[in-house]
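Student: My questions all concern the structure below.
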Amino acid sequence: MRSSASLRRAIAAALAIDSTGFAPLVALRGAIGVAIPVSIGLATNHPAEGAIAAAGALPAGAAALGNRQLAGHRIIAATAVGMALSTFAGGLVAGHLVATLLVLAGWGFAAGLTVVLGRDATVVGIQAVIGVVVFGRFPGSVSSCALHAGWVLAGAGLQGVLAAVLRSPMRFAAERRILASVYDQLASIARDPDHTGTVAASQTAAASAMLDRRSPDDDVALVRGIADEAERIRIELQSLATAKQVDELPAISAAVTSWLQRLAGSIRDGSAAPGEPDGLDDAVRRLHDARVAAPAGRRGTAVRYAEARVSALLGQLRAVDRMVDALAGIRRIALPHRPNAPTQLALALPRQTATAAQRLRDAAVDTRSSAFRHAVRLAVLLPAAEALSHALPWQRGYWVTLTALLVLKPDYAATSQRGIARIAGTAIGVLAAGGFVVEVHPGTALLVTLIAVTSWAAYTCFAASYAIYTVLITALVVLLLSPIGGAELSTVADRGLDTLIGGAIALAGYLVWPTWEKRSLEASVDGVLAALATYADTVLSRYVDPDSADPAAAGHAAVAARRARMVAVESLERATGEPRRGGADVADAARRLAAARRIVISLHALRATVDDAAEHVSVPELAPLRDAMVEALKAVSRRQRAQVSELRSMQENLDADVAGDLHGLHARRLALLAAQLDPLVDSIDTLAHVSGDASAQPPHV
């Protein structure tokens with residue numbers, strides 16, 4: 001049952017279309033970069049050189065799509081250099097099968113390891129291997145190989161120049177698009193407290209990373225401020241979810257939802273900020289009245305907490321309004337801030353401790369890692385596919401190796417999805433474009449037009465649908481090669497067979513030596529719980545001893561926990577796409593992550609409270625409960641028996657400690673803690689329970 005369900009999910013994922021990924025305007029720039037060398041080559045009667053230059057422009061244009069800012073030229077440059085060197089090396093070993101197979105093995109292993117460096121590095125690695133595969137069929141002298149490499153470099157360089165010159169007239173276009181999506185996500189959280197904040201957190205981090213690559217100036221600081229406020233707003237909204245029983249909150253949430261939605265539109269199009277929505281003042285006044293009338297002690301804690309969180313949230317939204325106005329040119333002044341308060345939210349990302357070289361070395365020696373296995377599969381299957389293609393009776397057998405390279409991914413789900421999309425898309429693209437070329441025999445003007453339109457359509461769909469992109473990019477390659485031969489029906493059929501063979505080799509190779517997600521899923525979920533133990537320790541320590549605790553440590557711990565959860569969620573998605581024999585217990589992982597999310601929300605609420613406290617007071621009574629909760633989280637992360645049976649009584653004892661004193665700051669802080677720790681203890685108990693711990697108590701009701 002699970003195998004058939006996995007297959008259905010793989011087919012659905014392969015054919016899925018993400019409408020937000022369409023980028024027609026940016027695609028126009030990439031299409032121009034491909035069409036220019038082809039036009040020059042055909043006009044000067046050098047179609048082969050034009051096609052080679054276009055072959056360099058094609059992947060560089062894709063790299064520019066994935067990284068659209070000026071600093072993204074590093075990725076374009078890396079792609080260009082990798083393709084050029086591979087073109088040179090492939091031409092030198094062409095005609096010598098053993099040498100070609102050895103080079104492919106080395107290039108494949110290196111490209112496989114690049115997955116540990118992220119998407120951009122992986123793209124560079126794959127394009128480098130493509131250079132060897134394609135030009136490893138055209139032997140030449142050192143000078144001719146260098147000339148081919150130069151044409152590839154020229155085509156890629158043209159894309160770099162176009163990316164620098166033809167930029168969007170609106171500054172921060174890419175960051176605006178991402179941040180607008182972030183604020184749309186925040187609106188969804190305001191409307192539904194159970195809506196996940198993972199997407200907003202991930203997109204905020206992506207926008208911040210893009211801003212890190214920009215030269216600092218006043219406008220960059222404004223955009224960074226909008227991104228920083230988004231992170232804090234997310235935390236406030238999730239904190240408010242713990243007080244959703246307060247009757248006055250729904251009206252405020254509706255107004256905040258509208259405010260966030262209109263802010264998203266202003267950020268996206270550069271217009272003036274929307275300002276506070278109608279009805280918000282009245283809703284806030286009703287909450288204030290409820291807070292004044294609230295009884296002392298724990299019964300009134302929820303409404304007092306809700307008013308404090310709403311006050312902080314509205315302050316952050318007003319700050320975003322001012323920054324959006326400043327970016328729109330309405331007012332460009334320093335943001336007002338409270339005395340003795342920081343001008344920016346201290347949620348800095350921790351610095352990378354491992355260099356790229358260190359990560360590559362670690363991946364190369366860790367024989368159990370998915371990156372190592374992926375590298376070995378490429379090192380074995382690419383030479384095998386190349387050797388088989390030479391034994392086949394038809395021309396241009398490099399399509400076998402190319403398909404195997406593009407289908408094979410580090411995990412089963414991506415390989416199966418990519419295999420379905422690649423095989424089907426390539427077959428359709430080859431047959432459609434090949435048949436058209438054979439029947440119509442397009443002239444120079446029509447051919448250039450077709451190449452330009454097809455490349456534009458392919459780039460437009462690059463991030464929206466891999467299946468559609470594959471159809472178009474395959475058709476584009478057929479059109480690029482048509483002036484230099486291969487426009488016969490037999491060649492069209494051969495390419496279709498090559499695609500089927502290459503896809504079968506990739507899928508068979510993965511099934512023979514798979515990397516199932518079980519080990520990675522278990523480790524990533526355990527990593528989330530370990531990160532939460534650290535986060536809980538840093539947050540609660542600020543209550544126990546605020547003088548010695550480091551306020552910035554909680555921000556770093558929150559980022560680490562968020563990143564760990566993102567890794568675990570991605571691993572769970574991959575494991576869900578695997579057949580049952582993969583062995584991953586996706587139900588157990590989903591339960592543990594659900595409990596972990598509730599723990600995160602509770603810790604966010606506790607952290608927001610202590611961050612906004614006008615006056616700090618030590619609460620040493622919390623220390624034993626803090627230590628017990630942290631130790632329980634660590635034990636569950638190590639898959640050991642967690643001692644949670646005493647957590648509830650320890651939390652209730654905190655409430656009892658203040659029963660006779662409700663007026664002092666220490667007593668009020670202790671009462672607030674007792675109330676806020678209730679859902680946290682519940683969540684840790686639940687986590688221990690779903691993790692199979694017999695000592696876990698049923699969640700408190």
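The values are calculated or read from the model by the stated rules, or taken from the named source; none is laboratory data. These numbers were taken from a predicted model, which means no experiment stands behind them. So basically every Cβ, Gly included, is an ideal-geometry build from the backbone, and we count neighbours across all protein chains shown. Note: accessible area is taken over every heavy atom of the protein model, side chains too, but ligands, DNA and RNA are not part of it. Shrake-Rupley method; radii C 1.70, N 1.55, O 1.52, S 1.80 Å.
Student: Quantify, in whole percent, the carbon and sulfur part of the accessible surface of segment 499-642 (1.4 Å probe; protein heavy atoms only). Each step should come with its number before you reach the end.
Tutor: On the way: 3200 of 5670 Å².
The C+S portion of the solvent-accessible surface of segment 499-642 is 56 percent.
Student: For segment 598-639, rounded, prolate or oblate, judged on the Cα gyration tensor with a ≥ b ≥ c (square roots of eigenvalues), a/c < 1.5 rounded, else prolate if a/b > b/c? Walk me through the numbers on the way to the answer.
Tutor: Values: a/c = 4.40, a/b = 1.60, b/c = 2.75.
Oblate is the answer for segment 598-639, as a/c is 1.5 or above yet b/c matches or exceeds a/b.
Student: Return the lysines within reach of K634: Cα separation strictly under 22 angstrom, same-chain partners fewer than 8 residues apart disregarded; answer none if there are no such residues.
Tutor: Qualifying lysines at Cα under 22 Å: K518.
Student: Does segment 376-486 come out rounded, prolate or oblate, given a ≥ b ≥ c as the square roots of the eigenvalues of its C-alpha gyration tensor, rounded meaning a/c under 1.5 and, failing that, prolate meaning a/b above b/c? Kindly include the intermediate steps, with their values, before the conclusion.
Tutor: Working: a/c = 2.68, a/b = 1.38, b/c = 1.94.
Oblate, since a/c reaches 1.5 and b/c is not below a/b.
Student: How many Å² of accessible area per residue for segment 79-148, probe 1.4 Å? Before the final figure, lay out each step's value.
Tutor: Values: 2730 Å² over 70 residues.
Ligands and nucleic acids excluded, the result is 39 Å² per residue.
Student: Grab the Cα-Cα distance for S649 and D585, subtract it from 0.36 nm times how many residues apart they are, and report the gain in nm with one decimal.
Tutor: Details: separation 64, 0.36 × 64 = 23.04 nm, distance 3.28 nm.
Computed gain between S649 and D585 is 19.8 nm.
Student: Right, here's the next one. Nearest 20 debye, what's the magnitude of the dipole of segment 146-271 about its Cα centre given +1 on Lys and Arg Cβ and -1 on Asp and Glu Cβ? Don't skip to the end; give the middle numbers.
Tutor: Working: 13 positive and 15 negative charges, 97 e Å.
With only Lys, Arg, Asp and Glu charged at Cβ, the dipole is about 460 debye.
Student: Further question: Distance in nm between label sites at T367 and V380, each 7 Å beyond Cα in the beta-carbon direction?
Tutor: 1.3
Student: Kirkwood hydrodynamic radius (Cα pairs, Å) of segment 453-555? Present the calculation step by step, with values, prior to reporting the outcome.
Tutor: Values: mean 1/r = 0.0517 Å⁻¹.
Roughly 19.3 Å, rounded to one decimal.
Student: Rounded to whole Å and ordered largest first, report the semi-axes of the equivalent ellipsoid of segment 53-133 derived from its Cα gyration tensor (root of 5λ).
Tutor: Details: eigenvalues 113, 42, 11 Å².
Sorted largest first and rounded, they come to 24, 14, 7 Å.
Student: Now for a separate question. When a/c reaches 1.5 or more, the comparison of a/b and b/c decides; with that in mind, is segment 520-657 rounded, prolate or oblate per its Cα gyration tensor? Intermediate results must be reported in sequence, preceding the final value.
Tutor: Values: a/c = 2.87, a/b = 1.83, b/c = 1.57.
In terms of gyration-tensor shape, prolate.
Student: Suppose R0 equals 25 Å. What FRET efficiency, 1/(1 + (r/R0)^6) with r the Cβ-Cβ distance, do A552 and A594 give to the nearest 0.05?
Tutor: Values: r = 29 Å, r/R0 = 1.17.
My answer for the efficiency is 0.30.
Student: Charges at C-beta only: +1 for Lys and Arg, -1 for Asp and Glu. How large is the resulting dipole of segment 458-564 about its Cα centre, in Debye rounded to 20?
Tutor: Values: 6 positive and 10 negative charges, 40 e Å.
Value, rounded to 20: 200 debye.
Student: Taking R0 as 25 Å, what's the FRET efficiency between H46 and S143 from their Cβ-Cβ distance, rounded to 0.05? Mind showing how you got there, number by number?
Tutor: Numbers: r = 17 Å, r/R0 = 0.66.
Efficiency for this residue pair is about 0.90.
Student: Same structure again: Can you work out the PRE-style zone for A209? Point 7 Å along Cα to Cβ, and I want the residues of segment 536-575 with backbone N under 14 Å.
Tutor: 563-564, 566-567
Student: Just grab the label-to-label distance for A523 and L166, each label 7 Å out from Cα along the Cβ direction, in nm (one decimal).
Tutor: 4.4
Student: Stretched out fully, how many nm does the piece from L446 to L388 gain, at 0.36 nm a residue minus the Cα gap?
Tutor: Values: separation 58, 0.36 × 58 = 20.88 nm, distance 3.63 nm.
My answer for the length gained is 17.3 nm.
Student: Separate question: Accessible area per residue, 1.4 Å probe, Å², for segment 220-321: what's the number? Show your work: numbers first, answer last.
Tutor: Working: 3990 Å² over 102 residues.
Normalised by residue count, the accessible surface of segment 220-321 is 39 Å².
Student: Limiting things to C-alpha atoms, what are the Rg and the maximum Cα-Cα separation (Dmax) for segment 61-210, in angstroms?
Tutor: 20.1, 66
Student: Report in % the part of the accessible area of segment 110-192 that belongs to carbon and sulfur, leaving out ligands and nucleic acids; probe 1.4 Å. The partial results should precede the final answer.
Tutor: Numbers: 2270 of 3330 Å².
Using a 1.4 Å probe with all protein chains present, segment 110-192 comes out at 68 percent carbon and sulfur.
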